[in-house]
Amino acid sequence: MSRIGQCFAQLRAQGRKALIPYVTAGDPQPDVTVPLLHAMVAAGADIVELGVPFSDPMADGPVIQRASERALAHHVSLRDVLGMVREFRRRDDVTPVVLMGYLNPVEMMGYEEFAQAAQAAGVDGVLTVDLPPEEAAGLVDALRSRQLDPIFLIAPTSTLERIERICANASGFVYYVSLKGVTGAATLDVASVAARLAQIREVTSLPVGVGFGIRDAESAARVAAIADAVVVGSALVKTVEAGAGRPQEIAGHLRLQLGEMRAAMDNAVADAVTHRLRGN
Amino acid sequence: MSKQTSQTAAAPYAGQLLPDASGHFGPYGGRFVAETLMAPLEELRLAYERFRGDAAFLQELDDDLRQYVGRPSPLYHAARWSARLGGAQVWLKREDLNHTGAHKINNTIGQALLARRMGKTRIIAETGAGQHGVATATVAARLGLECVVYMGAVDIERQAANVFRMKLLGATVVPVTSGSKTLKDALNEAMRDWVTNIDNTFYIIGTVAGPHPYPAMVRDFQAIIGREAREQILRQAGRLPDALVACVGGGSNAIGLFYPFLNDDGVVLYGVEAAGAGLESGQHAAPLCAGRPGVLHGNRTYLMEDDDGQIIETHSISAGLDYPGVGPEHAWLKDSGRANYVAITDDEALQAFHDLTRIEGIIPALESSHALAYVTKLAPRLDRDKIVIVNLSGRGDKDIHTVATREGIRL
């Protein structure tokens, strides 16, 4: 079983939900990324998602766009990002790492070479935002042959037929985009997300994560009550941005922010269990 | 056939319909977008498939092109300029005479009519030089649709007159301050708007790029250029041309001219990219001549990119050619050998701008001036009985400030 599969199996056994924080690699400068990853794990992250900077992040809102720009000002490349994962793995051989980015840097490296290098570095899953399953056969094969999980997005606009197709290509987990929009957009509607998750679960037994629009402990807790994983990106990247002037302090801020989310999620899940046990 | 070696390969289109069902032109094109956009793109494809064969829709489009745009545009024999060049006879397809002054409106009319039939009440567009933005704001005004145009902050500064035109037409112009603050970033921002407002919004892309079905749909709306030119040259000169020449940024005016001639094996096609300060300088906008295949803005095509796969900034005196990608059908026409792609520098384009103005009394757009400049190289190599058609895709009024500034003249 992959690290991601093991992680979810373990969480399920413990009756907990996965917290998946996102930061952009190299933001605000390359040397802080690995310490940030360790700090996030220490604060309760189950899986870490590392953004690969791209010049044209079409699916991202202004917060993550600026993170990409800060990283690219330091010329952080896909190879550099893999180097950061390799460094992270020296001290952490357990926490799954998912790369999230756009297709073109992967195309430039070549699917085979990328999959091999990602596996060697210790990457576990790859989410390519602008690669729908229709175009994904080549990359999915390359990833699978290296035991890497291809992670795909499911959107509010996805038809049932598309959800089936996406889940047939995915492994590790699937990522439900909670709203129509870009990352960091408006607040999410938990009731409609819950209805969609029920639909998705009829199609797949893969864990379902929810992201886009989770901004604080309260929204993380509400999503944790219905999803298998909570993905938090822009809210954390804002913290990174605010600390860009004093990068050595960012880890402390992130730890605090994530710690609150972790506690709220665990309480929410525990409450839900108590609620069920009381027979309501 | 002439002093010029024919570079025509077997027409790739004979007997096959491109793009294929999933939007591919060989390895290019396709649909590379985030999942949220897959459903609206499919909705658009289905609507377009339905209306492209709908007699009432086509009649309405045809009426608008005649009565509102002023089509057909003339095919004009530039006899004095041809004589100066001392070779082939040069004919100009006068898209500069269209309403709003360029070919762009052929496409915006078509997409806006489609938007209305799909029940969309809000139109968005990206623009570089402002020509597509003006053409979109124009049709939105006429149909009474809300219109939002995304434009790079750098371009807004360079093209103040077009910004004011769009505002006069009732459009909201949104400055884009991310990335390089130019056309590619405006396109990113328009996509972000679309993904957020897909229920009521129609995104009118201005060129033959973007995810399927845009490259095919925009081509089909622009193909009126080539259909008219083919009919006109047969009537006016009694035979097909020997070559077609058009500038290529995203490539919509070029595809529009080329497409109806693709199966005419004897017609050699030349797409002219912007070489900026020269291909060897790296300061250019010529992905077909000097770029590599990659994925950007929803399709696989030739791109200007660095070794890490990051998109790099482009340079051209012509804002309309200042784009790091190119329509995927051009990528396929290049690889298949059906079309030839060349590049013209800023200086060469400026020279052609002045030549045509002084010799024929026509001020061409700087974009079109790239095509004209290539003709000054091509025509003298061909015999006098050869025919070259150039797409004069736009008029140059919008560029007089750029030309004056470049030449140190204050207006």
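Below is a table of values for the structure above.
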{"quantity": "Part-to-part distance (alpha-carbon centres) for region B:183-257 and region A:1-70, which is given in Å", "calculated": "40"}
{"quantity": "Straight-distance crosslink candidates among aspartates and glutamates, where the alpha carbon sits under 13 Å from B:Lys93 and sequence neighbours closer than 8 are dropped", "calculated": "B:Glu228, B:Glu231"}
{"quantity": "Taking region B:302-411 and dividing mean pair separation by its residue count, relative contact order in percent (alpha carbons under 8 Å, at least six apart)", "calculated": "20"}
{"quantity": "Where region A:3-279 is the region considered: accessible area per residue in Å², 1.4 Å probe", "calculated": "38"}
{"quantity": "Protein accessible area in region B:281-379, 1.4 Å probe - carbon and sulfur %", "calculated": "44"}
{"quantity": "Region B:116-250, relative contact order in percent, only Cα pairs under 8 angstrom and at least six apart counted", "calculated": "25"}
{"quantity": "Three principal axis lengths of region B:96-231 [C-alpha, angstrom, descending]", "calculated": "45, 32, 27"}
{"quantity": "Residues along region B:174-200 losing 20 Å² or more of accessible surface when the other protein chains are present rather than the chain by itself (probe 1.4 Å)", "calculated": "B:Ser178, B:Gly179, B:Lys184, B:Asn188, B:Met191, B:Arg192, B:Val195, B:Thr196, B:Ile198, B:Asp199"}
{"quantity": "Distance from region A:117-135 to region A:72-115 (C-alpha centre basis), Å", "calculated": "9"}
{"quantity": "Residues of type aspartates and glutamates that A:Lys180 reaches as a straight line, Cα spacing below 14 Å, ignoring anything fewer than 8 places off in the same chain", "calculated": "A:Asp60, A:Asp189, B:Glu35, B:Asp193, B:Asp199"}
{"quantity": "For region B:360-402, size of Cβ-based charge dipole, Lys and Arg +1, Asp and Glu -1, in debye", "calculated": "140"}
{"quantity": "Between 0 and 90°, nearest 10: helix B:55-64 axis offset from chain B longest Cα axis", "calculated": "60"}
{"quantity": "Chain B: angle of helix B:183-196 to the longest principal axis, Cα-based, in degrees nearest 10", "calculated": "30"}
{"quantity": "Cα gyration tensor category, rounded, prolate or oblate, for chain B with a/c compared to 1.5", "calculated": "rounded"}
{"quantity": "Positive-end extreme of charge dipole, chain B - chosen from B:Leu18, B:His284, B:His103 (charges on Cβ)", "calculated": "B:His103"}
{"quantity": "Sequence-separation-based contact order of chain B, relative, with Cα cut under 8 Å and 6+ spacing, percent", "calculated": "22"}
{"quantity": "Signed unit charges on C-beta, dipole axis of region A:3-279, positive-most listed residue A:Phe54, A:Leu277, A:Ile250", "calculated": "A:Leu277"}
{"quantity": "Summed buried accessible surface, chains B and A, 1.4 Å probe, nearest 100 Å²", "calculated": "2900"}
{"quantity": "22 Å Cα-Cα threshold exceeded, pairs from A:Lys238/B:Lys167; B:Lys104/B:Lys398; B:Lys334/B:Lys398; B:Lys167/B:Lys398", "calculated": "A:Lys238/B:Lys167; B:Lys334/B:Lys398"}
{"quantity": "FRET efficiency estimate (nearest 0.05) - Cβ-Cβ, A:Met1 to A:Asp141, R0 22 angstrom", "calculated": "0.65"}
{"quantity": "Protection proxy ranking of B:207-215, B:330-338 - average other beta-carbon atoms within 10 Å, highest first", "calculated": "B:207-215, B:330-338"}
{"quantity": "Residues whose placed amide H lies under 5 Å from that of A:Val230, excluding near-sequence neighbours", "calculated": "A:Ala18, A:Leu19, A:Ile20, A:Val210"}
{"quantity": "Rounded percent of accessible protein surface that carbon and sulfur make up, region A:3-279, 1.4 Å probe", "calculated": "51"}
{"quantity": "Amide hydrogen neighbours beyond the local backbone of B:Gly210, cut-off 5 Å, H modeled", "calculated": "B:Asn299"}
{"quantity": "Overall dimensions of region B:169-263 by Cα: Rg and Dmax, Å", "calculated": "17.3, 52"}
{"quantity": "Between 0 and 90°, nearest 10: helix B:224-236 axis offset from chain B longest Cα axis", "calculated": "30"}
{"quantity": "Debye, to nearest 20: dipole size of chain A, +1 on Lys, Arg Cβ, -1 on Asp, Glu Cβ", "calculated": "800"}
{"quantity": "Inter-centroid distance (Cα atoms) of region B:125-165 relative to region A:201-280, Å", "calculated": "41"}
{"quantity": "Listed residues A:Ala39, A:Tyr22, A:Gly172: farthest to the positive end of the dipole of region A:3-279 (Cβ charges)", "calculated": "A:Ala39"}
{"quantity": "Residue-normalised accessible area of chain B, expressed per residue, 1.4 Å probe, Å²", "calculated": "34"}
{"quantity": "Check: region A:1-120 dipole with +1 on Lys, Arg Cβ and -1 on Asp, Glu Cβ, in debye", "calculated": "520"}
{"quantity": "Calculated diffusion of region A:3-279, Stokes-Einstein form, Kirkwood radius summed over Cα pairs, 4 °C and 1.567 mPa s, µm²/s", "calculated": "70"}
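The values are calculated or read from the model by the stated rules, or taken from the named source; none is laboratory data. This one's a predicted model, so the numbers in the text were calculated from it and none came from an experiment. A quick note on method: Cβ atoms are made from the backbone with ideal geometry, for glycine too, and the neighbour counts reach across all protein chains shown. What goes into the accessible areas is simple: the full protein's heavy atoms, side chains included, and nothing from ligands, DNA or RNA. Shrake-Rupley method; radii C 1.70, N 1.55, O 1.52, S 1.80 Å.
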